[in-house]
Amino acid sequence: MTLTEPSAPTAVPRATSFRTLRMSGVTKRFSTGTVALDGIDLEIGPGDFVSVVGPSGCGKSTLLRLASGLDTVSSGVLTVSSRSTSYVFQEATLLEWRTALKNVELTGELRKVDAGHRRRLAREALELVGLTGFENQYPRELSGGMRMRVSIARALVTEPDLALFDEPFGALDEITRLRMQTELQRIFRLKQFAGLFITHSVSEAVYLANRVIVMSGRPGRIVADIRIPWAYPRPAELRYDPEFAALTGEVSAALGEHS
Ligand code: ADP
């Protein structure tokens, strides 16, 4: 894991046609008869950070489960060209009896990575999320934001090329949430994985993503795909920019029309 930060702001690379995730006409029908997703066309490549917003029950989590391989499509084509995919849940889901470092090391342990190497990677991942000095703390000794940082470190320690986020900041207080957004887009700028991020917050969606996908009520269909133009890193003050307000307005309007 390299931790050197380039000095100049990095634009999202657009030159490649390679796509980490491709969905073409994807439909998901559960055995109960519920059609959760209908005709989803979505392509995400390295350096894409795509936020997904939509009403509750429109199939956002189902979309993520399909992308992660935890579930299979009913029809259509889904291709994931990823060496490593990581998943960050709404809850930090840490093991309470293991320190922060040991929680991050767990993935390496399960993959039988040599102890010295996996410890070094875990330390680097904790440094990446700003937790140097907290390696030996237990989850109960950490704040909610810090626990989520450990969870993100655990997800990124594998150097994923596809990172899936299921509303990871939904349970955090507003100030911590804004700070975590700033942190995540800083990390994204460094790592340039393909990101798929589910959220209920329109401003979070716009602040983090280079594209915001808006879904309709069930069965979930993509009703808008809105490009967010700013390069990373994005300053916190971007949220007060009139253009930011215009884009959140556009996303909210699309949501309102199709809920
Ligand atoms: P969201 O994340 O947008 O709230 P979900 O993807 O969790 O929506 O669910 C979409 C729809 O599919 C909902 O109506 C939900 O009840 C249904 N659903 C989700 N998982 C299953 C399942 N395993 N079996 C049957 N229905 C399911």
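The values are calculated or read from the model by the stated rules, or taken from the named source; none is laboratory data. These numbers come from a predicted model, not from an experiment. No Cβ is skipped: glycine too gets one built from the backbone with ideal geometry, and neighbour counts run over all protein chains shown. Calculation scope for accessible area: heavy atoms of the full protein, side chains included, ligands and nucleic acids excluded. Shrake-Rupley method; radii C 1.70, N 1.55, O 1.52, S 1.80 Å.
What to note about this one:
- Unit charges on C-beta of K, R, D, E only; dipole of segment 42-146, Debye: 240 debye
- Choice from LYS28, LYS102, LYS112 showing the highest fluctuation, given a GNM over the chain with Cα pairs closer than 10 Å: LYS112
- Among LEU178, LEU70, LEU162, residue whose mean-square fluctuation peaks in a GNM of the chain (springs only between Cα atoms under 10 Å): LEU70
- Between helix 115-128 and the chain: long-axis angle, C-alpha atoms, 0 to 90°, nearest 10: 60 degrees
- Net charge of neighbours whose Cβ lies under 15 Å from the Cβ of ALA224, counting Lys and Arg as +1 and Asp and Glu as -1: 0
- Gap separating the Cα centres of segment 118-185 and segment 228-257, nearest whole Å: 25 Å
- R0 of 22 Å, Cβ-Cβ distance GLN192-LEU106: FRET efficiency to nearest 0.05: 0.35
- Cα-based shape type of segment 77-216, given that a ≥ b ≥ c are square roots of the gyration tensor eigenvalues and the cut on a/c is 1.5: oblate
- Of the accessible area of segment 28-101, computed with a 1.4 Å probe over protein heavy atoms only, carbon and sulfur atoms account for 51 percent.
- Carbon plus sulfur fraction of accessible area for segment 163-259, probe 1.4 Å, in percent: 53 percent
- Per residue accessible area in Å² of the chain, where ligands, DNA and RNA are left out and the probe is 1.4 Å: 45 Å²
- Charged side chains reduced to their Cβ positions (Lys and Arg at +1, Asp and Glu at -1) give the chain a dipole of some 640 debye around its Cα centre.
- Prolate/oblate/rounded call for segment 190-259, Cα gyration tensor, a/c under 1.5 rounded: oblate
- The count of lysine pairs in the chain whose Cα atoms are under 30 Å apart, excluding pairs fewer than 8 places apart on the same chain, comes to 5.
- Each of GLN137 and ALA115 was given a label point 7 Å from its Cα along the Cα-to-Cβ line. The distance between the two points is 2.6 nm.
- Set of segment 65-86 residues, backbone N closer than 18 Å to the point 7 Å along the Cα-Cβ line of SER31: 66, 70-75
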